[in-house]
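Encoded as structure tokens, the structure appears first; notes follow it.
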Amino acid sequence: MSIKGIIGSTAELIIKIVVLAFAVTYITRAATAAYDYGYRIFTEEPVSLGEGRTISVSVDDPVSVRAVGEMLEERGLIRDGKLFVIQELLSENHGKLQPGIYDLSTAMTAEEMMEVMAADAPEEGEEDAEGESQ
């Protein structure tokens, strides 16, 4: 084998190793970020511990979960508005957020805030019963 052939195959091997190292690093970072985000969906802590700050928020009709999440994030009640959308989608309060003015605290979790904003929501069977009686 000639010197050019040895240098060429060595360079090719080095390039393959570098590309593989970048791919492994990228996949590991992406998997870690996805796991962390998924973990936060169910275990997100309140913004502040203890009593926290109470902030009044107004939810308009029609209720957009994305808009509510963005507003809560802007007001400092939650860390991530997009995460709030996923949490609402997976919660017992999915589709039950009601328009109104609410006093929420930075010591509340997103789930607790959803419970407050869905407190006056009709139960699933309640809507059908009201519609049939009229």
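Descriptive notes on the structure:
- Single condition I27 does not satisfy, out of (1) within 30 Å of A119 (Cα to Cα); (2) at pLDDT 90 or above: (1)
- The stretch 36-56, residues that are among the acidic types (D, E) and outside any helix (DSSP H, G or I): E44, E45, E51
- Residue in the stretch 42-63 that is farther than 19 Å from M108 by Cβ, at pLDDT below 95 and of a type in the set (D, E, K, R) present: yes
- Of the residues making up the stretch 76-94, those that are free of Cβ contacts under 8 Å to residues at least 24 places away in the same chain and open to solvent by 30 Å² or more (accessible area, probe 1.4 Å) are K82, V85, E92, H94.
- Residue within the stretch 37-58 that is without any contact (Cβ under 8 Å) to a residue 24 or more places away in the chain, open to solvent by 80 Å² or more (accessible area, probe 1.4 Å) and farther than 20 Å from G95 by Cα present: yes
- All of S105, S64 fail the test of being open to solvent by less than 20 Å² (accessible area, probe 1.4 Å) and farther than 18 Å from Y37 by Cβ, apart from S105.
- Within the stretch 99-120, residues that are farther than 18 Å from R79 by Cα sit with their Cβ atoms under 7 Å from residues that are in a helix (DSSP H, G or I), at 6+ positions apart or across chains, in these pairs: Y102/V116; Y102/M117.
The values are calculated or read from the model by the stated rules, or taken from the named source; none is laboratory data. Here the structure is a predicted model, which is why all the values come from computation and not from measurement. Counting neighbours? That spans all protein chains shown, and the Cβs are built from the backbone with ideal geometry, glycine included. Accessible surface is based on the protein model in full, side chains and every heavy atom, while ligands, DNA and RNA are left aside. Shrake-Rupley method; radii C 1.70, N 1.55, O 1.52, S 1.80 Å.
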